[in-house]
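Okay, structure first, notes after.
Taken together, the values in this text are just the output of simple stated rules run on the coordinates, not laboratory data. Because the structure is a prediction, the values reported are computed rather than measured. No Cβ is skipped: glycine too gets one built from the backbone with ideal geometry, and neighbour counts run over all protein chains shown.
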Amino acid sequence: MAFITGRALHYVFKVPDRKQTAIFYREILGMKVLRHEEFADGCEAVCNGPYANRWSKTMVGYGPESTHFAMELTYNYGVKSYEKGNDFRGITIRSKEALQRAKENNWPILAGNILEAPGGYKFHIIDEPQPTDRDPVVKVTLSCSNLTKSINYWNGVLGLKIFGRTDKTVLLGFKESEAKLELEEIGGPVERAKAYGRIAFSCLAAEQPKIAKKIEEHKHTIFKPLISLDTPGKATVRVIILCDPDGHEICFVDEEGFSQLSQVDPDGDKLLDRYIARDKS
């Protein structure tokens with residue numbers, strides 16, 4: 001049995017064009033704005049990357065963060081582009097409706113039913129009806145340089161279950177009903193460049209020190225030791241951030257705090273639109 005009561009939460013993107021990004025996620029993928037938050041200074045946990053400036057966070061998804069995997073869209077004011085590496089392979093979504101919206105809005109559909117978000121992030125769309133009884137987000141696929149080492153880390157150390165495996169890939173997660181993490185061996189080093197993201201899971205607060213202890217015992221990397229993060233007007237959460245053998249950042253946030261922080265804000269759309277309209281950076 002895994003020593004973590006884990007739950008898949010979201011993947012973090014740095015977005016260079018907030019207006020076009022909002023169009024893509026809302027009007028093409030059909031996601032909803034779950035909440036929008038503005039910050040005056042860089043994040044202590046480097047959520048927005050190594051930028052000590054004003055930034056914003058927009059959570060989007062197909063349903064509440066308590067039951068659905070979300071996308072965390074971080075926007076650094078004044079930063080117009082990010083160099084992409086080979087670390088992010090794509091996110092898979094089951095939604096023929098997204099393909100239809102792309103056609104109707106003349107958004108390019110690439111070979112293999114791939115939709116590309118502003119910034120070059122790829123979404124692999126399964127041409128099947130979007131489910132209503134489960135999350136349409138199927139998996140996040142990241143690159144790895146050595147599949148065996150990655151499996152030893154994610155399954156052997158962190159305790160994620162293996163839900164599928166091929167010669168070059170492994171499908172991992174905590175629960176059958178949730179979006180999964182897929183790791184794909186690429187036959188070379190993983191380069192994260194400037195656009196690198198971060199995957200997040202929740203766990204019970206009491207389990208966070210256990211994670212730290214186990215990572216230290218196995219001599220792996222703790223990128224940010226356990227710290228508390230404040231969001232203006234909202235709940236404080238505790239996070240510990242790890243790095244896997246290829247440098248992929250993994251955030252474990254306490255479920256108790258996150259369940260309060262992640263409440264859907266009915267004014268999220270209006271807030272996002274307001275700050276897009278005000279942005280003169």
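Looking at this model, which pairs from Lys32/Lys96; Lys103/Lys270; Lys14/Lys219 are more than 22 angstrom apart at the alpha-carbon?
Over 22 Å apart, Cα to Cα: Lys103/Lys270; Lys14/Lys219.
Need one word for region 1-69: rounded, prolate or oblate. Basis is the Cα gyration tensor (sqrt eigenvalues a ≥ b ≥ c); a/c below 1.5 gives rounded, then a/b vs b/c decides.
oblate
Ordered by residue, what ³J(HN,Hα) values in Hz, to whole numbers, does region 177-182 give under the Karplus form 6.51 cos²θ - 1.76 cosθ + 1.60, where θ = phi - 60° and Gly and Pro are x?
7, 9, 4, 10, 9, 10
Show me, for region 33-42, the HN-Hα J-couplings you get by feeding each phi into the Karplus relation (A = 6.51, B = -1.76, C = 1.60, θ = phi - 60°), rounded to Hz, glycine and proline as x.
3J(HN,Hα) across region 33-42, in whole Hz: 6, 8, 6, 9, 9, 10, 10, 7, 10, x.
Mean-square fluctuation check for the chain, GNM, Cα pairs under 10 Å: which of Phe13, Phe39, Phe252 is largest?
Among Phe13, Phe39, Phe252, the largest GNM mean-square fluctuation belongs to Phe39.
Longest span of the chain, sites excluded, free of trypsin sites (Lys or Arg not before Pro) in DSSP loop with at most 14 other C-beta atoms within 10 Å?
The answer is 81-167.
Would you mind telling me which residue in Gly61, Gly85, Gly197 has the biggest mean-square fluctuation in a Gaussian network model of the chain, where springs connect alpha carbons within a distance under 10 angstrom?
Gly85
Picking from Asn113, Ser177, Ile4, whose Cα lies most toward the positive end of the charge dipole for the chain (charges on Cβ: Lys, Arg +1; Asp, Glu -1)?
Result: Asn113, furthest along the dipole toward the positive end.
Output the lone cysteines of the chain: those with no second cysteine's C-beta under 4.7 Å from their C-beta.
If one checks each Cβ against the other cysteines of the chain, Cys144, Cys203, Cys243, Cys251 turn up with nothing under 4.7 Å.
What are the lysines whose alpha-carbon lies under 16 Å from the alpha-carbon of Lys161, with same-chain residues fewer than 8 places away excluded?
Filter leaves Lys139, Lys149, Lys175, Lys180.
Kindly provide the helix-only [θ] at 222 nm of the chain, computed as the sum of -39,500 (n - 2.57) over DSSP H runs of four or more divided by all residues, to the nearest 500 deg cm²/dmol?
The per-residue figure over the chain is -4500 deg cm²/dmol.
Given +1 on the Cβ of Lys and Arg, -1 on the Cβ of Asp and Glu, and no further charges, what dipole in debye does region 7-278 carry about its Cα centre, rounded to the nearest 20?
Roughly 280 debye for region 7-278.
Give, as a single signed number, the net charge of other residues whose beta carbon lies under 15 Å from the beta carbon of Glu185, with Lys and Arg counted +1 and Asp and Glu -1.
-3
Per residue of region 151-161, what does 6.51 cos²θ - 1.76 cosθ + 1.60 with θ = phi - 60° give for ³J(HN,Hα)? Whole Hz please, x for Gly and Pro, Karplus curve as stated.
5, 4, 6, 5, 8, x, 9, 7, x, 5, 7
For region 130-281, give the magnitude of the charge dipole about the Cα centre (Cβ charges: +1 Lys/Arg, -1 Asp/Glu; no others), in debye to the nearest 20.
The calculated dipole for region 130-281 is roughly 320 debye.
In debye to the nearest 20, how big a dipole does region 32-187 give about its Cα centre with +1 on each Lys and Arg Cβ and -1 on each Asp and Glu Cβ?
180
Separation of region 167-189 and region 252-280 by C-alpha centroid, Å?
First find each Cα centre; the distance between them is then 29 Å.
Would you work out which of Thr231, Ser143, Met59 lies farthest towards the positive end of the dipole of the chain, given +1 charges on the beta-carbon of Lys and Arg and -1 on that of Asp and Glu, about the Cα centre?
Going by the charge dipole, the pick is Ser143.
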